[in-house]
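Step one of this worksheet: look at the structure below.
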Amino acid sequence: MQIQSKLVLMKTRDTEFVAFPDDAELAALRAWYTGLDARTAVMRYLGSRKAPGASARGVLGRIRRVLVAFATSRHRADLTVNFRERSAVTADAVTRAIEALRKLPIPVPHIADDIGQW
């Protein structure tokens, strides 16, 4: 785990580093969960940062997958259910889950943990 200028990086099982979504990405995701259509949410909050040819739904899906991976890395699989389809959860639940993820400490191994977990 490395922290570089407010950017939290995590190591996934595939040894790739994934950055915690920035504020603009989180704003786009929150807007989508409140009912804004995907294209409008991505254009409003990410603007020109969207790669040419990338779909707005794809952008939001990537942000959701990063949050799921981050929650899993913090042993909080219970928070991953908040990043499913927007009809399944409320915008408030998503906001609470994001804030909870921001505040989670880096997990440390315990003597009784399965070695494969780390």
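With a ≥ b ≥ c the root eigenvalues of the C-alpha gyration tensor of the range 50-97, is it rounded (a/c under 1.5), prolate (a/b larger than b/c) or oblate?
Note, shape of the range 50-97 comes out oblate.
In loop segments of the range 29-95 as defined by DSSP, the trypsin sites (Lys or Arg not before Pro) with at most 15 further C-beta atoms inside 10 Å of their C-beta are Arg76, Arg84.
Only the coordinates and a few stated rules stand behind these numbers; no lab work does. Just so you know, these numbers come straight off a predicted model, no measurement behind them. Note that we place each Cβ from the backbone using ideal geometry, even for glycine, and neighbour counts take in every protein chain shown.
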